[in-house]
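No lab work stands behind these numbers, since they all come straight from the coordinates. As the structure is a prediction and not an experimental result, all values here were calculated from the model. Glycine also receives a Cβ, built like all others from the backbone with ideal geometry; neighbour counts cover every protein chain displayed.
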Amino acid sequence: MASQLDGAGQSKLATLDDAQAQLQRLHGIVEHYAMAVRNQQATAGFRQQLLRAGTPLVGLLKPQFGVIADVVSAFLLVASRGGGDQAKVRALREAVASIRAQVDISATKVKEKHTMTVPAAEAE
């Protein structure tokens, strides 16, 4: 007996894989921002980079994973607000970790819900 994902599961996992790649890009920008804050360099450009990189992620996740898309929207709100850079970096890092955890949990749930067992003769 082999196990395979049905069509909906494959589609959802593809969406989560794309989201994971875009989330990695967001994480990189947040870490560059943190280094700029730490080195007391200019941080004005990072806000726009975060908004540009995060907005497509909301659009990608909204149809199938609305709750995660809402967390990404909250991340973008934190990125666009004013305030101290240290506090903003902390909040952005926490948001990235939260989004990553939710994407991982969703991938596990998709695999649980959409796995079908197929007889070995049909799996080949």
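Using modelled amide H (1.01 Å from N, peptide plane; none on Pro or chain starts), what sits under 5 Å from the amide H of Leu5, excluding residues fewer than 5 places away?
Those lying under 5 Å, H to H, from Leu5 are Met116.
As a test of the formula, what do you get for the chain when each DSSP H run with n ≥ 4 contributes -39,500 (n - 2.57) and the sum is divided by the residue count, at 222 nm and rounded to the nearest 500 deg cm²/dmol?
Calculated mean residue ellipticity at 222 nm is -27500 deg cm²/dmol.
Please check: in the Gaussian network model of the chain (C-alpha springs, under 10 Å), which one of Ile68, Ile105, Ile29 has the largest mean-square fluctuation.
Highest fluctuation of the listed residues: Ile105.
Run the count for the chain, please: Lys pairs, Cα-Cα under 29 angstrom, 8 or more apart or on different chains.
Values: Lys12/Lys62; Lys12/Lys109; Lys12/Lys111; Lys12/Lys113; Lys62/Lys88; Lys62/Lys109; Lys62/Lys111; Lys62/Lys113.
The result is 8.
Highest GNM mean-square fluctuation, the chain, Cα pairs closer than 10 Å: which of Leu92, Leu77, Leu60?
Taking springs between Cα atoms under 10 Å, the residue moving most is Leu77.
Normalising by the residue count of the chain, find the relative contact order in percent from Cα pairs under 8 Å and 6+ residues apart. If you can, show how the numbers build up before the last one.
Values: 116 pairs, mean separation 55.6, N = 124.
Computed value for the chain: 45 percent relative contact order.
Would you be so kind as to identify which of Leu23, Asn39, Val110 lies farthest towards the positive end of the dipole of the range 2-123, taking Lys and Arg as +1 and Asp and Glu as -1 on Cβ and the Cα centre as origin?
Farthest along the dipole direction, towards plus: Asn39.
Based solely on C-alpha atoms, express the radius of gyration and the Dmax of the range 2-123 in angstrom.
In Å, with Rg to one decimal and Dmax whole: 17.6, 63.
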